[in-house]
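The structure appears right after this line, and notes come after that.
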Amino acid sequence: MGWPPFASHLRIDLTSLFRRVNRRMRKRQFAFCLVAAGLLVANEFTRAADPSHPDQPILAPAEAISRLREGNGRFTAGNPQHQHESVDERAYMAKNSYENAGTISLGLTTEQAAKRRAELTKSQHPFAIILSCSDSRVPPEIVFDEGLGDLFIVRLAGNVLNDEGLGSIEYGVDILGARLIVVLGHQSCGAVDAAMKTIAAKRKAPGHIQSLVTAIEPVVQATPKGDLETTIKANVKHVVDALRSSTPILKARVDSGDVQVIGGYYMLDTGTVTFLDGR
Ligand SMILES: [Zn+2]
């Protein structure tokens, strides 16, 4: 004997009710997971910038520029200090920047030094962000004589800006607390030179190299009579302007004076960095 008709309907109704409840529960669980994941991400971000374990104080933009000038001065004078790289310095930073630092003593073994470098990734307070060219002759840590944990760096040929680079810079500002962004171009930049020549010849660069030409093209078109050095500086200014007007994160911070974006130009022959705009 089967269920009487009314009971059969009841069974169907109950089944659909359970399904609905189940769906709701799943939605709630999903929402909970999203919130939990958000909190986890927030925790990771917070831990990365944990203010209770500062490696170094967050510098105001003007102070950060001064520090970069001083570092570049040491570099050009042939007197680099390679700060934050010595054994003592690493041990000092270790004790002040993460919880297990006490287990690392002065005179790090190779293994301990490797562990220290790995743990430093969980806590960092770079005082400036540098967007520079990938050119092997312009490594920012060397030309500014800075060491581990000092500079947050994005490098792309021609110091162009793409979404991933912008996201990295926003991370450096919003999560790590850096207040100075420098777009660093350099003398005889091969990427800008190649873009100018490719555009002049009305050709395409091979493979993905064309993406660099496309990124630099608006600058080349806007400076039709510019020589290479003029175009390199115009390209720096173009990227500086893009960062200053980037919403929703950077523009508000720049407009309030909290963050400063400036251009820089590195001379390959002298090693000198000139800041193009001290604003
Ligand atoms: Zn370059």
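Numbers below:
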| quantity | calculated |
| --- | --- |
| Within-12-Å neighbourhood charge of residue 212 [Cβ basis; K, R +1; D, E -1] | -1 |
| Net charge contributed by nearby residues that have their C-beta within less than 14 Å of residue 234 (K/R +1, D/E -1) | -3 |
| Amide H within-cut-off set for residue 186, under 5 Å, with H built and near neighbours excluded | 266 |
| Where labels lie 7 Å past Cα in the beta-carbon direction, separation of residue 66 and residue 210 in nm | 5.0 |
| Cα-based Lys proximity count in the stretch 133-256, under 27 Å, for pairs eight or more positions apart or on separate chains | 13 |
| Kirkwood Rh (inverse of mean 1/r, distinct Cα pairs), the stretch 164-256, angstrom | 14.5 |
| Evaluated over the stretch 164-213, the Cα radius of gyration and Dmax, each in Å | 15.4, 44 |
| Spacing of the two label points (7 Å from each Cα toward its C-beta) at residue 225 and residue 242, in nm | 2.7 |
| Total formal charge among the other residues, if their Cβ is under 12 angstrom from that of residue 72, Lys/Arg +1 and Asp/Glu -1 | -1 |
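No value in this document is a laboratory result; all are computed from the given coordinates. Quick caveat, the model's predicted, so the values are computed rather than measured. A quick note on method: Cβ atoms are made from the backbone with ideal geometry, for glycine too, and the neighbour counts reach across all protein chains shown.
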